[in-house]
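S.K.: I am attaching a structure below and will ask some questions about it afterwards.
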Amino acid sequence: MEIIPVIDLMDGLAVSGKSGNRKEYVPIKSVLCDSSNPIDLITKYKENGAKKVYIADLNSIMGTGDNFEIVKNLDIFKIVDFGVTDKKDLENVKKYAEMTILGTETLNDISILKEENIILSLDFKDGKLLNYDLDEILSEIDKKTPLIILDISSVGTQKGINVELIKDILERTDNPIYIGGGIKSEDDLKISKELGISGVLIGTTIHNGKLDLKKIIQKYGE
């Protein structure tokens with residue numbers, strides 16, 4: 001199971017917040033790093049054993065600019081949510097990342113779900129999949145395309161993973177599954193591994209020191 005640390009980028013800085021309330025996000029404070037410079041944070045992630053990083057370009061998602069050049073210069077395997085809506089967006093941003101996220105929060109053109117090097121993010125808020133019917137969108141993707149179950153309402157809250165939601169989606173598809181949002185403790189990692197989850201996106205609990213990034217990568221990582 002992959003352990004993938006997260007960076008949310010806004011105005012050139014790594015930021016943190018809760019439940020997708022992006023206007024209230026502030027520069028990150030982390031036990032891993034004294035800086036909110038994303039290059040410094042990536043360096044610390046790599047020192048602790050991370051091989052990949054999940055990045056959300058919040059400016060691009062919100063339509064308030066972008067952090068493309070910063071993302072491009074981060075020296076690590078990057079899985080990035082740029083807020084892609086259609087094929088034109090995808091063509092514009094895919095050169096900046098190894099894998100580009102297509103999230104139900106912003107996606108308008110489901111025809112691009114057939115493209116290569118993409119991940120479909122199933123974006124849930126308050127228990128509901130944003131903008132799509134779950135079975136409908138699952139029917140549109142290649143069976144090898146990875147999925148992220150992203151519980152936006154749980155981001156930064158440390159309230160624990162939504163096991164019932166994860167089990168429900170596992171029953172509907174054989175695609176590789178990643179989960180993000182609300183990681184509370186090592187128990188969430190144990191449950192995820194037992195369920196056969198391919199990877200876990202983790203942010204708040206490694207920054208506040210509740211989980212040690214190096215130790216959980218050594219214990220649960222591939």
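The values are calculated or read from the model by the stated rules, or taken from the named source; none is laboratory data. Just so you know, these numbers come straight off a predicted model, no measurement behind them. Glycine gets a Cβ as well: all are built from the backbone with ideal geometry, and neighbour counts include every protein chain shown.
S.K.: Modelled with pLDDT of 95 or more and either in a helix (DSSP H, G or I) or among the aromatic types (Phe, Trp, Tyr) (or both): which single residue out of LEU102, LEU90, LEU120 fits that description?
M.R.: Only one candidate passes the filter, namely LEU90.
S.K.: Would you be able to say whether some residue in the stretch 43-57 is more than 30 Å from LYS219 (Cβ to Cβ) and either assigned to a loop (DSSP other than H, G, I, E, B) or free of Cβ contacts under 8 Å to residues at least 60 places away in the same chain (or both)?
M.R.: Yes, the stretch 43-57 contains a residue that is more than 30 Å from LYS219 (Cβ to Cβ) and either assigned to a loop (DSSP other than H, G, I, E, B) or free of Cβ contacts under 8 Å to residues at least 60 places away in the same chain (or both).
S.K.: Another question, then. Looking at the stretch 5-23, is at least one residue of a type in the set (Val, Ile, Thr), out of contact with any Leu (no Cβ under 8 Å at 6 or more places or on another chain) and closer than 26 Å to GLY127 by Cβ?
M.R.: no
S.K.: Consider only pairs whose beta carbons are under 7 Å apart and that are at least six residues apart or on different chains; among these, list those whose first residue lies in the stretch 168-180 and is without any contact (Cβ under 8 Å) to a residue 12 or more places away in the chain and under 12 Å from ILE197 (Cβ atoms) and whose second residue is of a type in the set (Lys, Arg) and assigned to a loop (DSSP other than H, G, I, E, B).
M.R.: Pairs that qualify, where the first residue is without any contact (Cβ under 8 Å) to a residue 12 or more places away in the chain and under 12 Å from ILE197 (Cβ atoms) and the partner is of a type in the set (Lys, Arg) and assigned to a loop (DSSP other than H, G, I, E, B): there are none.
S.K.: OK, next. Are there any pairs with C-beta distances below 6 angstrom linking a residue in the stretch 119-131 that is without any contact (Cβ under 8 Å) to a residue 60 or more places away in the chain to a residue that is surrounded by fewer than 18 Cβ atoms within 10 Å (Cβ to Cβ) and in a loop (DSSP other than H, G, I, E, B), with the two at least 6 apart or on different chains, and if so which?
M.R.: Close Cβ pairs satisfying both conditions: ASP123/LEU130.
S.K.: Take the residues in the stretch 196-222 that are part of a loop (DSSP other than H, G, I, E, B) and either small (Gly, Ala, Ser) or touching a Lys or Arg at 6+ places or on another chain (Cβ under 7 Å) (or both), then tell me which one is surrounded by the most Cβ atoms within 10 Å (Cβ to Cβ).
M.R.: GLY203
S.K.: Let me ask another. Only one residue in PHE82, PHE68, PHE77 is in contact with a helix residue (DSSP H, G or I) (Cβ under 9 Å, 6 or more places away or on another chain) and closer than 21 Å to LEU147 by Cα. Which one?
M.R.: Residue meeting the stated conditions: PHE82.
S.K.: Looking for something modelled with pLDDT of 95 or more and assigned to a strand (DSSP E or B) - is there at least one such residue anywhere in the stretch 126-145?
M.R.: Checked the stretch 126-145: no residue is modelled with pLDDT of 95 or more and assigned to a strand (DSSP E or B).
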